[in-house]
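K.L.:
Questions regarding the structure given below will be posed in turn.
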Amino acid sequence: MFLLGPSSPVMLLRTSPWLFALLLSACAVQPPAVLPVPPPPAPVPAPVPVPAPQPEPAPPSVPIPVPAAAYPTLRPVDWTAVAFWQDDRAGEAWTAFLRSCATLGKRTAWQAVCADAVAMPPPDDATVRTFFEQRFQPYQASQEDGSTEGMITRYYEPLLKGDRVRTARARFPLYAAPDDLITVDLASVYPELKNLRLRGRLAGNKLVPYPTRKEIEAANGNGFKGRPIAWAEDPVELCFLQIQGSGRIELPDGAHLRVGYADQNGHPYLSIGKLLVERGELKLEQASMQGIKDWGAKNPDKLPELLASNPSFVFFRELPNDLPGPLGALGVPLTGGRSIAIDPRFIPLGAPVFLATTQPNSPLPLNRLVMAQDTGGAIRGGVRADFFWGFGNAAGELAGRMKQRGRMWVLLPKDFPLTTVRR
């Protein structure tokens, strides 16, 4: 998702030369001068025919297409280079892979492998490994500087208490995406910006930044007109729901209301945990999800200002309760322990990925075949992932502690096009 800010493309639009219209110029034509009648010319030899001069070739109207790497940080390797590939219970990832195929199977590069996968009976671990080894090429993922290690964090689907209407206990709104929020996708004009979007709203004939969290929460301040779809009881829990992007609301009758990400206000995310550490309120090792919740319970008077410090604000939509998991950016349900969020600039969305990292706050290995089925505003880089732990408090306990180093291998069909034509 693309964010608005002082250095964002929305601001650059105002100064960047490519946003100005090309100026048309016209050459003035002078009228012919009136000349005196010349005297009769002297006899001259008959002219010798010469070839007519050839015109200069016209310059091309567009640059010549130059092949360029679509995913330049992926390097092909042998299967023997995929560390710990044999250690995983790969059969547990098959359902997640079939969910990816519901979308990927419509694309040329994936049609054959997905058709074969759908036709197979439920395979065991060895069969799954053989399937990928025969049909896929592994690629070592790296950062832009060439390093092959990156940060692996986590997310989960939380459960909050709340209601469909505002009550004395449920006072904090979950807003639907507002009608005046405008998203600008520049990919049709600038392919290099295919994963970046601008968000704002119109003020006259200008696109201006959308209100910040502080402005939105200030009694619908700055002209914001919200449409709540539910109300939460705890503002800190609601803050973490916005960070996770999806979750469930437990209603007074015990039923669950499932909600998912709908849109975002375009402002960059600011970590309130990092802010508490910088202010000396928490030590670095205390700045976990649980640590922030404990701090909020002990400092209710400081809590509103802390939450408002993060200008990013997420809007939600109601999802069907019969989904097997929250919907990721690929448009398919996520699978606990087998789905990750990635940066689609470096890894194709939907691709299988073999992840080699460790358990939360532990040296114990976590080596798994996972599916790149989601994205996130804080997920930036060639070796960067958010590991989805699943639903509920147990998943939240694991997610709250995870910030590990890891390596990634992207698995792509052998005829997958890794080049594109850039104009």
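K.L.:
Please list, or write none, the aspartates and glutamates whose alpha carbon is within less than 13 Å of the alpha carbon of Lys161, excluding same-chain residues fewer than 8 places away.
P.N.:
Here the aspartates and glutamates satisfying the reach criterion relative to Lys161 are Glu233, Asp234, Glu237, Glu250, Asp253.
K.L.:
While we're here: Extending each Cα 7 Å along its Cβ direction at Gln286 and Ala81, get the distance between those two points in nm, one decimal.
P.N.:
Output for this residue pair reads 4.6 nm.
K.L.:
Then there's this: Send over the Kirkwood Rh of the range 275-417, from the inverse of the averaged 1/r over different Cα pairs, rounded to one decimal Å.
P.N.:
Final number for the Kirkwood radius of the range 275-417 is 17.2 Å.
K.L.:
Please give the length that would be gained between Ser362 and Thr103 if that part of the chain were fully extended, namely 0.36 nm times their separation in residues minus their C-alpha to C-alpha distance (nm, one decimal).
P.N.:
The Ser362-Thr103 span can extend by a further 89.7 nm.
K.L.:
Could I ask something else about it? For a quick protection proxy, order the peptides 106-112, 154-160 by their average other-Cβ count within 10 Å, most packed first.
P.N.:
154-160, 106-112
K.L.:
Shifting gears a bit: Under a Cβ-Cβ cut-off of 12 Å, what is the net charge of the residues other than Ala341 that fall near it, where Lys and Arg count +1 and Asp and Glu count -1?
P.N.:
0
K.L.:
Would you kindly calculate the mean projected area, averaged across all directions, of the convex hull enclosing the Cα atoms of the range 263-326, in square nanometres?
P.N.:
Over every viewing direction, the Cα hull of the range 263-326 projects on average to 6.0 nm².
K.L.:
Another one. Kindly count the pairs of lysines across the range 219-340 whose alpha carbons are less than 22 Å apart, treating pairs on different chains or eight or more residues apart as eligible.
P.N.:
Taking the Cα cut-off of 22 Å, the pair count is 8.
K.L.:
Out of the total accessible area of the range 241-367 (probe 1.4 Å, heavy atoms of protein only), what percent is carbon and sulfur?
P.N.:
54
K.L.:
Peptides 76-84, 247-255: what's the order by average Cβ count within 10 Å, highest mean first?
P.N.:
247-255, 76-84
K.L.:
Looking only at the range 336-423, where both bridge partners belong to it, what percent of the DSSP beta bridges are antiparallel (to the nearest 5)?
P.N.:
Antiparallel: roughly 80 percent of the beta bridges in the range 336-423.
The values are calculated or read from the model by the stated rules, or taken from the named source; none is laboratory data. These numbers were taken from a predicted model, which means no experiment stands behind them. Don't worry about glycine lacking a Cβ; one is built from the backbone with ideal geometry, like all the others, and counts go over all protein chains shown. Remember, those area values only see protein heavy atoms, side chains included, never the ligands or the DNA or RNA. Shrake-Rupley method; radii C 1.70, N 1.55, O 1.52, S 1.80 Å.
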